[in-house]
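J.: Take this structure, written in structure tokens, and hold onto it; I'll ask about it next.
The values are calculated or read from the model by the stated rules, or taken from the named source; none is laboratory data. Predicted, not measured: the structure shown is a model, and the values here were computed from it. Cβ coordinates were reconstructed from backbone atoms using ideal geometry, including for glycine residues, and neighbour counts include every protein chain displayed.
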Amino acid sequence: MRIFLVSTASAALIAGGLTTTPAMAAPAAPSEVGTYITNGDRVHVSSTPPRTASAHGWWIKVSGAGTKAKVTIWLQMKKGSGRWRSVAKGQKTVKSGGGSSRRANVRKTCANAQKRQWRSLIDVDIIGVSDSPEKAVTKAVTVRCGL
């Protein structure tokens, strides 16, 4: 889980014991100060046909302005010791919270059952609020889904 802070005024939260490293944006107007969490699940093979690598991304509002965000998620795959490359992209404008109706989804059809490393990259842009350009990256997993 990654926590992104929208304003330097939220720096006090870091001193309060947050264990993740936040990204700091330029100072925002007082009505735009807030704390938001970007999160996603690990890449997995979808339970519904056809056989696909699948992942979800969402956001959670802790405090501040903004009720909706554009969540963009990329599926990334790596062969052996090669580089990560994006192979699919999904996007959806959703309210805070996660769950099946409040998250973005991305899928890529598997060409075979070869073991590959997969992860997702998630960007949350809160509508009408200045926020950090950083993206969350999920933990890499080995999945039987090759391209």
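J.: Which condition breaks for S100 when tested against (1) assigned to a strand (DSSP E or B); (2) at pLDDT below 95; (3) closer than 21 Å to N39 by Cβ?
T.: Answer for S100: the failing condition is (1).
J.: Ok, one more. Within the range 64-99, which residues are charged (D, E, K, R) and under 18 Å from A140 (Cα atoms)?
T.: K78, K79, R83, R85, K89 - these are the residues of the range 64-99 that are charged (D, E, K, R) and under 18 Å from A140 (Cα atoms).
J.: Now for a different question. Mind listing whichever residues of the range 25-38 are modelled with pLDDT of 85 or more, of a type outside the set (A, V, I, L, M, F, W, C) and either part of a loop (DSSP other than H, G, I, E, B) or surrounded by fewer than 19 Cβ atoms within 10 Å (Cβ to Cβ) (or both)? Before the answer, list the steps.
T.: Step one: list which residues in the range 25-38 are modelled with pLDDT of 85 or more, which gives 35-38.
Next, only the ones that are of a type outside the set (A, V, I, L, M, F, W, C) stay: 35-36, 38.
Matches in the range 25-38: T35 only.
J.: Further question: Can you tell me how many residues in the range 126-141 are surrounded by fewer than 18 Cβ atoms within 10 Å (Cβ to Cβ) and either closer than 19 Å to P49 by Cβ or modelled with pLDDT of 95 or more (or both)?
T.: 4
J.: Suppose the filter is without any contact (Cβ under 8 Å) to a residue 24 or more places away in the chain, on the phi > 0 side of the Ramachandran plot and assigned to a loop (DSSP other than H, G, I, E, B); does G80 pass it?
T.: Yes, satisfied.
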